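What follows is a set of notes on a single structure, which appears directly below.
What follows is calculated from the coordinates using simple rules that are stated; it is not laboratory data. It should be emphasised that the depicted structure is a prediction, and the values quoted were computed from it without experimental measurement. Glycine also receives a Cβ, built like all others from the backbone with ideal geometry; neighbour counts cover every protein chain displayed.
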Amino acid sequence: MSTVVLETKDGIATLTLNRPDQRNALNLEMCDALKAAIGSVAGDPSARVLLVRGNGPAFCAGADLKEREGKTPDWVKERRQRAFAAYAALAALEIPAIAIVDGACFGSGCEIATCCDFILASEKASFRYPEAQWGTVGATQRLPRIVGKAMAKELLFTGRIVAAEEAKTIGLVNRIVPSGKLADEAAAMAQHIAKAPPLAMRLAKRCIDRGLETDLKGGIEIEIQAIEENLAGKEWSAGVAAFKTRKEKS
């Protein structure tokens with residue numbers, strides 16, 4: 001059984017973490033499969049949006065610590081680097097990526113989810129950063145950029161479980177949807193995004209991500225470059241024409 005399953009239909013790519021018997025715990029095989037699947041999405045011109053979900057009652061219970069038993073520090077370092085390579089590939093994806101969390105999302109699962117552009121969660125979702133409590137180091141970079149330094153330190157130092165409502169309050173989750181409606185809500189959002197002009201969508205994502213790495217002046221320059229790239233294509237004129245048609249019909 002593949003540890004990661006990728007399906008693409010009507011512009012929507014769905015990546016499923018697929019170790020349900022292990023609560024989708026991330027092992028070395030899964031790290032490599034995740035990176036390969038993301039590479040396939042990146043190379044697929046038909047893909048307009050990516051949904052990332054877990055098979056079974058958990059999104060991802062974290063790293064598979066059992067596979068580290070008897071391993072050397074060099075092996076663990078290599079395993080971590082391959083996980084980071086998968087995270088980086090997901091974070092660098094040009095199309096919008098949405099994590100769908102309906103259950104436990106711990107450790108490495110949180111890293112995967114926060115590499116997406118945002119998280120849709122059910123009331124059953126819970127989040128935990130147990131790395132420091134388990135004697136390892138991780139999640140020290142993305143988390144504080146989302147929830148702030150003080151909250152990140154609290155979550156990392158205590159390793160406490162964060163329920164869905166609190167996760168939304170601190171900005172870790174965008175929206176909470178009833179568990180039974182989560183898949184449909186995510187699909188509807190993905191369909192809406194997939195219908196949008198793909199170049200404009202990619203450029204909007206690029207501007208936000210790169211703009212936050214610089215000051216306002218630098219960010220405006222990034223947006224101006226994106227506008228020029230967009231004007232070099234045909235999407236913008238098609239969008240104006242479509243708007244005019246809708247207005248005339250209304």
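Between GLY39, GLY70, the distinction of being surrounded by fewer than 20 Cβ atoms within 10 Å (Cβ to Cβ), out of contact with any strand residue (DSSP E or B) (no Cβ under 8 Å at 6 or more places or on another chain), at negative phi and not polar (S, T, N, Q) belongs to GLY39 only.
Determine if region 116-127 includes at least one residue that is part of a loop (DSSP other than H, G, I, E, B), touching a Ser or Thr at 6+ places or on another chain (Cβ under 8 Å) and buried (at least 19 other Cβ atoms within 10 Å of the Cβ). Show your work before the answer.
As a first pass, look at region 116-127 and keep what is part of a loop (DSSP other than H, G, I, E, B): 116-117, 122-125.
Remaining after also requiring touching a Ser or Thr at 6+ places or on another chain (Cβ under 8 Å): 122-124.
Subset that is buried (at least 19 other Cβ atoms within 10 Å of the Cβ): 122.
Checking region 116-127: at least one residue is part of a loop (DSSP other than H, G, I, E, B), touching a Ser or Thr at 6+ places or on another chain (Cβ under 8 Å) and buried (at least 19 other Cβ atoms within 10 Å of the Cβ).
When the residues of region 20-56 are filtered to those that are among the charged types (D, E, K, R) and in contact (Cβ under 8 Å) with a residue 40 or more places away in the chain, the one that is nearest to GLU131 (Cα to Cα) is ARG23. Figure legend. Inter-residue proximity from region 75-103: first residues closer than 14 Å to ALA63 by Cα, second residues surrounded by 20 or more Cβ atoms within 10 Å (Cβ to Cβ) and acidic (Asp, Glu), beta-carbon distance below 8 Å, spacing 6+ or different chains. Indicated pairs: ALA83/GLU111; TYR87/GLU111.
Report the residue count in region 128-174 for those that are assigned to a strand (DSSP E or B) and more than 21 Å from ALA83 (Cα to Cα). It would help to see each step written out before you state the result.
Let us first name the residues in region 128-174 that are assigned to a strand (DSSP E or B), namely 128, 162-163.
Filter once more, keeping what is more than 21 Å from ALA83 (Cα to Cα): 162-163.
Qualifying residue count, region 128-174: 2.
State the number of residues belonging to region 192-209 that are small (Gly, Ala, Ser), part of a helix (DSSP H, G or I) and over 14 Å from GLN225 (Cα atoms).
Let us first name the residues in region 192-209 that are small (Gly, Ala, Ser), namely 194, 196, 200, 204.
So of that shortlist, the ones also part of a helix (DSSP H, G or I) come out as 194, 200, 204.
Next cut, over 14 Å from GLN225 (Cα atoms) only: 194.
Qualifying residue count, region 192-209: 1.
Residues considered: GLU67, GLU111, GLU78. Of these, the only one that is within 22 Å of LYS168 (Cα to Cα), in a helix (DSSP H, G or I) and charged (D, E, K, R) is GLU111.
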